[in-house]
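All remarks here apply to the structure that follows.
The values are calculated or read from the model by the stated rules, or taken from the named source; none is laboratory data. What you see is a predicted model; the values in this text were computed from it and never measured. Here the Cβ is made from the backbone with ideal geometry for all residues, glycine too, and neighbour counts use every protein chain on show. In case anyone asks, the SASA skips ligands and DNA or RNA and just uses the protein heavy atoms, side chains included. Shrake-Rupley method; radii C 1.70, N 1.55, O 1.52, S 1.80 Å.
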Amino acid sequence: MADEVRLWSDELARDPSSLVFLPLAEALRRQGQLDLARKVAVRGLERHPHNPDAHDQLARIQADRGDLQSAFDEWDMVLRLVPGHVGAIKGMAFVRFQQGRLEEAERLLMQAQGQGDSDIHAAMDMVRRSSGVTYAQVVAGELATDPHLLFADILADDQTAIMLDKDGLVLAGAYYSADGKDVAQDVGASLSGVSDEALRATKHLGIGSWRSILFETEAAIVSLAPAPADGGAAGGLIVVATAPDTPLGQLRPLLDRCVSRAHAWLDLAP
(Lines give C-alpha, C1' and ligand atoms only; values in the text may rest on other atoms or scores of the structure.)
Protein backbone atom coordinates (compact mmCIF):
# COMPACT_ATOMS: atom_id res chain seq x y z
CA MET A 1 0.00 0.00 0.00
CA ALA A 2 2.87 2.41 0.79
CA ASP A 3 4.28 1.89 -2.72
CA GLU A 4 0.87 2.52 -4.28
CA VAL A 5 0.42 5.71 -2.27
CA ARG A 6 3.81 6.91 -3.48
CA LEU A 7 3.01 6.08 -7.11
CA TRP A 8 -0.39 7.76 -6.95
CA SER A 9 1.12 10.82 -5.26
CA ASP A 10 3.78 11.08 -7.97
CA GLU A 11 1.19 10.75 -10.73
CA LEU A 12 -1.00 13.41 -9.16
CA ALA A 13 1.98 15.74 -8.89
CA ARG A 14 2.67 15.25 -12.60
CA ASP A 15 -0.98 15.64 -13.58
CA PRO A 16 -3.12 17.49 -11.00
CA SER A 17 -6.25 16.78 -13.08
CA SER A 18 -5.76 13.00 -12.86
CA LEU A 19 -8.51 10.92 -11.27
CA VAL A 20 -5.83 9.05 -9.36
CA PHE A 21 -6.73 11.32 -6.43
CA LEU A 22 -9.66 8.96 -5.76
CA PRO A 23 -7.68 5.81 -4.85
CA LEU A 24 -5.05 7.99 -3.15
CA ALA A 25 -7.63 9.64 -0.88
CA GLU A 26 -9.19 6.25 -0.10
CA ALA A 27 -5.81 4.74 0.79
CA LEU A 28 -5.02 7.67 3.08
CA ARG A 29 -8.46 7.32 4.70
CA ARG A 30 -7.88 3.65 5.40
CA GLN A 31 -4.49 4.49 6.92
CA GLY A 32 -6.16 6.99 9.26
CA GLN A 33 -4.49 10.03 7.66
CA LEU A 34 -7.81 11.81 7.53
CA ASP A 35 -6.64 15.41 7.27
CA LEU A 36 -4.37 14.57 4.35
CA ALA A 37 -7.08 12.42 2.74
CA ARG A 38 -9.51 15.33 3.02
CA LYS A 39 -7.01 17.72 1.45
CA VAL A 40 -6.47 15.36 -1.50
CA ALA A 41 -10.22 14.86 -1.99
CA VAL A 42 -11.03 18.59 -1.79
CA ARG A 43 -8.33 19.46 -4.33
CA GLY A 44 -9.64 16.73 -6.61
CA LEU A 45 -13.16 18.11 -6.34
CA GLU A 46 -11.93 21.55 -7.30
CA ARG A 47 -10.98 20.08 -10.69
CA HIS A 48 -13.84 17.58 -10.91
CA PRO A 49 -16.80 19.26 -9.16
CA HIS A 50 -19.41 17.07 -10.88
CA ASN A 51 -17.73 13.72 -10.21
CA PRO A 52 -20.05 11.69 -7.91
CA ASP A 53 -17.25 9.34 -6.82
CA ALA A 54 -15.26 12.33 -5.60
CA HIS A 55 -18.15 13.62 -3.50
CA ASP A 56 -18.72 10.10 -2.16
CA GLN A 57 -15.04 9.83 -1.24
CA LEU A 58 -15.08 13.15 0.60
CA ALA A 59 -18.26 12.11 2.43
CA ARG A 60 -16.57 8.94 3.73
CA ILE A 61 -13.61 10.95 4.93
CA GLN A 62 -15.81 13.49 6.67
CA ALA A 63 -17.77 10.70 8.36
CA ASP A 64 -14.53 9.18 9.65
CA ARG A 65 -13.47 12.61 10.93
CA GLY A 66 -16.74 12.84 12.87
CA ASP A 67 -18.07 15.71 10.77
CA LEU A 68 -21.36 13.95 10.11
CA GLN A 69 -23.28 16.90 8.71
CA SER A 70 -20.59 17.63 6.13
CA ALA A 71 -20.63 13.95 5.19
CA PHE A 72 -24.41 14.09 4.80
CA ASP A 73 -24.15 17.16 2.57
CA GLU A 74 -21.60 15.45 0.31
CA TRP A 75 -23.75 12.32 -0.02
CA ASP A 76 -26.72 14.57 -0.77
CA MET A 77 -24.68 16.04 -3.62
CA VAL A 78 -23.98 12.52 -4.92
CA LEU A 79 -27.74 11.90 -5.02
CA ARG A 80 -28.26 15.11 -6.98
CA LEU A 81 -25.69 13.94 -9.52
CA VAL A 82 -26.78 10.28 -9.57
CA PRO A 83 -30.40 9.88 -8.40
CA GLY A 84 -30.89 6.60 -6.55
CA HIS A 85 -27.17 6.14 -5.75
CA VAL A 86 -27.34 3.34 -3.15
CA GLY A 87 -24.03 4.18 -1.48
CA ALA A 88 -25.09 7.78 -0.93
CA ILE A 89 -28.46 6.76 0.48
CA LYS A 90 -26.79 4.31 2.87
CA GLY A 91 -24.31 6.97 3.94
CA MET A 92 -27.03 9.56 4.59
CA ALA A 93 -29.03 6.98 6.54
CA PHE A 94 -25.93 6.15 8.58
CA VAL A 95 -25.52 9.81 9.51
CA ARG A 96 -29.14 10.17 10.58
CA PHE A 97 -28.87 6.91 12.54
CA GLN A 98 -25.80 8.18 14.38
CA GLN A 99 -27.62 11.45 15.09
CA GLY A 100 -30.58 9.55 16.57
CA ARG A 101 -32.93 10.70 13.79
CA LEU A 102 -34.26 7.21 13.19
CA GLU A 103 -37.39 8.07 11.22
CA GLU A 104 -35.32 10.00 8.69
CA ALA A 105 -32.84 7.13 8.49
CA GLU A 106 -35.67 4.69 7.77
CA ARG A 107 -37.18 6.93 5.10
CA LEU A 108 -33.82 7.16 3.36
CA LEU A 109 -33.29 3.41 3.40
CA MET A 110 -36.75 2.84 1.97
CA GLN A 111 -35.59 4.73 -1.14
CA ALA A 112 -32.91 2.09 -1.73
CA GLN A 113 -35.06 -1.00 -1.27
CA GLY A 114 -35.33 -3.27 -4.27
CA GLN A 115 -31.93 -2.28 -5.71
CA GLY A 116 -30.23 -5.58 -4.89
CA ASP A 117 -28.02 -4.39 -2.02
CA SER A 118 -27.90 -7.02 0.73
CA ASP A 119 -26.99 -4.44 3.38
CA ILE A 120 -30.18 -2.42 2.94
CA HIS A 121 -32.51 -4.96 4.55
CA ALA A 122 -30.15 -5.40 7.51
CA ALA A 123 -29.80 -1.66 7.96
CA MET A 124 -33.56 -1.12 7.72
CA ASP A 125 -34.18 -3.83 10.31
CA MET A 126 -31.58 -2.32 12.63
CA VAL A 127 -33.11 1.16 12.42
CA ARG A 128 -36.62 -0.11 13.03
CA ARG A 129 -35.60 -2.17 16.03
CA SER A 130 -33.66 0.76 17.48
CA SER A 131 -36.81 2.90 17.72
CA GLY A 132 -38.43 3.28 21.11
CA VAL A 133 -36.63 0.45 22.93
CA THR A 134 -35.17 0.96 26.41
CA TYR A 135 -31.56 0.11 27.19
CA ALA A 136 -32.56 -2.44 29.82
CA GLN A 137 -34.16 -4.53 27.09
CA VAL A 138 -30.77 -5.34 25.63
CA VAL A 139 -30.37 -8.04 28.28
CA ALA A 140 -33.54 -9.65 26.96
CA GLY A 141 -32.11 -9.77 23.45
CA GLU A 142 -33.48 -6.44 22.24
CA LEU A 143 -31.78 -3.18 21.34
CA ALA A 144 -30.46 -0.08 23.06
CA THR A 145 -32.09 3.26 22.31
CA ASP A 146 -28.64 4.86 22.02
CA PRO A 147 -26.22 2.64 20.04
CA HIS A 148 -23.28 4.42 21.69
CA LEU A 149 -24.28 2.80 25.02
CA LEU A 150 -24.57 -0.76 23.73
CA PHE A 151 -21.58 -2.08 25.71
CA ALA A 152 -21.66 0.47 28.56
CA ASP A 153 -22.78 -1.85 31.35
CA ILE A 154 -20.23 -4.52 30.36
CA LEU A 155 -17.16 -2.31 30.51
CA ALA A 156 -15.08 -0.90 33.34
CA ASP A 157 -13.94 2.74 33.40
CA ASP A 158 -10.65 1.91 31.62
CA GLN A 159 -12.29 -0.20 28.92
CA THR A 160 -14.02 0.69 25.66
CA ALA A 161 -15.69 -1.21 22.81
CA ILE A 162 -17.16 -0.59 19.37
CA MET A 163 -18.84 -2.58 16.60
CA LEU A 164 -17.84 -1.76 13.01
CA ASP A 165 -19.43 -2.70 9.72
CA LYS A 166 -17.42 -4.10 6.80
CA ASP A 167 -16.49 -0.58 5.65
CA GLY A 168 -15.19 0.51 9.07
CA LEU A 169 -18.22 2.64 9.94
CA VAL A 170 -19.20 2.61 13.61
CA LEU A 171 -22.52 0.84 14.22
CA ALA A 172 -22.45 0.88 18.02
CA GLY A 173 -20.30 1.63 21.03
CA ALA A 174 -17.68 4.30 21.63
CA TYR A 175 -13.88 4.34 21.70
CA TYR A 176 -12.45 6.88 24.13
CA SER A 177 -8.87 8.12 24.06
CA ALA A 178 -6.88 8.96 27.19
CA ASP A 179 -8.16 12.55 27.08
CA GLY A 180 -11.79 11.41 27.00
CA LYS A 181 -12.41 12.07 23.29
CA ASP A 182 -14.51 9.59 21.32
CA VAL A 183 -12.21 8.55 18.45
CA ALA A 184 -14.36 5.65 17.27
CA GLN A 185 -14.62 6.96 13.70
CA ASP A 186 -10.82 7.29 13.44
CA VAL A 187 -10.32 3.77 14.81
CA GLY A 188 -12.94 2.41 12.43
CA ALA A 189 -11.23 3.99 9.43
CA SER A 190 -7.88 2.53 10.48
CA LEU A 191 -9.30 -0.97 10.91
CA SER A 192 -11.33 -0.99 7.70
CA GLY A 193 -10.57 -4.23 5.84
CA VAL A 194 -8.86 -5.99 8.78
CA SER A 195 -11.54 -8.67 9.00
CA ASP A 196 -11.19 -9.49 5.31
CA GLU A 197 -7.40 -9.65 5.62
CA ALA A 198 -7.65 -11.99 8.61
CA LEU A 199 -10.09 -14.22 6.73
CA ARG A 200 -7.81 -14.27 3.69
CA ALA A 201 -4.78 -15.19 5.80
CA THR A 202 -6.45 -18.02 7.71
CA LYS A 203 -7.93 -19.42 4.50
CA HIS A 204 -4.49 -19.35 2.87
CA LEU A 205 -2.97 -21.18 5.85
CA GLY A 206 -5.84 -23.67 6.01
CA ILE A 207 -6.33 -23.23 9.76
CA GLY A 208 -10.07 -22.52 9.83
CA SER A 209 -11.98 -19.33 10.51
CA TRP A 210 -10.41 -16.69 12.71
CA ARG A 211 -11.99 -16.03 16.12
CA SER A 212 -9.96 -13.25 17.66
CA ILE A 213 -6.79 -11.16 17.35
CA LEU A 214 -5.00 -9.47 20.25
CA PHE A 215 -2.54 -6.54 20.14
CA GLU A 216 -0.45 -5.48 23.12
CA THR A 217 0.77 -1.87 22.89
CA GLU A 218 2.15 0.71 25.29
CA ALA A 219 -1.17 2.55 25.42
CA ALA A 220 -3.66 -0.32 25.48
CA ILE A 221 -4.41 -3.95 24.82
CA VAL A 222 -6.76 -4.23 21.85
CA SER A 223 -8.67 -7.39 20.99
CA LEU A 224 -10.69 -7.98 17.82
CA ALA A 225 -13.35 -10.50 16.87
CA PRO A 226 -15.59 -10.90 13.81
CA ALA A 227 -18.84 -8.98 14.24
CA PRO A 228 -22.09 -10.94 13.94
CA ALA A 229 -23.32 -11.07 10.35
CA ASP A 230 -26.78 -9.61 9.81
CA GLY A 231 -28.64 -10.04 6.56
CA GLY A 232 -25.49 -11.31 4.84
CA ALA A 233 -23.50 -8.20 5.76
CA ALA A 234 -20.40 -9.98 7.05
CA GLY A 235 -16.90 -8.55 7.41
CA GLY A 236 -17.41 -6.29 10.41
CA LEU A 237 -15.47 -6.18 13.67
CA ILE A 238 -15.94 -6.06 17.41
CA VAL A 239 -13.10 -4.00 18.92
CA VAL A 240 -12.39 -4.00 22.66
CA ALA A 241 -9.60 -1.95 24.25
CA THR A 242 -8.42 -2.17 27.85
CA ALA A 243 -5.63 -0.70 29.99
CA PRO A 244 -2.16 -2.11 29.15
CA ASP A 245 -1.86 -3.75 32.58
CA THR A 246 -5.08 -5.75 32.20
CA PRO A 247 -4.49 -9.49 32.83
CA LEU A 248 -4.76 -11.27 29.50
CA GLY A 249 -6.97 -13.94 31.05
CA GLN A 250 -9.71 -11.31 31.49
CA LEU A 251 -9.78 -10.24 27.85
CA ARG A 252 -11.30 -13.30 26.21
CA PRO A 253 -14.36 -13.38 28.52
CA LEU A 254 -14.82 -9.62 28.04
CA LEU A 255 -14.57 -9.93 24.26
CA ASP A 256 -17.04 -12.83 24.31
CA ARG A 257 -19.53 -10.76 26.30
CA CYS A 258 -19.29 -7.90 23.82
CA VAL A 259 -19.80 -10.30 20.90
CA SER A 260 -22.84 -11.80 22.66
CA ARG A 261 -24.25 -8.33 23.27
CA ALA A 262 -23.78 -7.51 19.59
CA HIS A 263 -25.62 -10.72 18.68
CA ALA A 264 -28.49 -9.72 20.95
CA TRP A 265 -28.56 -6.24 19.44
CA LEU A 266 -28.82 -7.72 15.98
CA ASP A 267 -31.40 -10.25 17.16
CA LEU A 268 -29.21 -13.23 16.30
CA ALA A 269 -28.61 -16.34 18.38
CA PRO A 270 -25.12 -16.23 19.95
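Using the Cβ atoms and a cut-off under 10 Å, what net charge is assigned to the surroundings of L22, where Lys and Arg are +1 and Asp and Glu are -1? That works out to -3. Once both labels are positioned 7 Å from their Cα atoms along Cα-to-Cβ, the gap between S17 and E4 label points is 2.6 nm. Coupling constants for segment 55-69 follow from the phi torsions by the Karplus curve (6.51 cos²θ - 1.76 cosθ + 1.60, θ = phi - 60°), and in residue order they are 5, 5, 4, 5, 4, 4, 5, 5, 4, 5, 6, x, 8, 5, 5 Hz; glycine and proline get x. The modelled label-to-label distance between R47 and D157, using points 7 Å beyond Cα along the C-beta direction, is 5.3 nm.
Couplings for segment 159-165, taken from phi via the Karplus curve 6.51 cos²θ - 1.76 cosθ + 1.60 with θ = phi - 60°, read 10, 8, 8, 9, 10, 10, 8 Hz in order; Gly and Pro are left as x. By accessible area, using a 1.4 Å probe on protein heavy atoms only, segment 139-268 has 55% of its surface on carbon and sulfur. 3J(HN,Hα) along segment 198-212, derived from phi through the Karplus expression 6.51 cos²θ - 1.76 cosθ + 1.60 where θ = phi - 60°, amounts to 5, 5, 5, 5, 5, 5, 4, 7, x, 10, x, 5, 7, 10, 6 Hz, with x in place of Gly and Pro.
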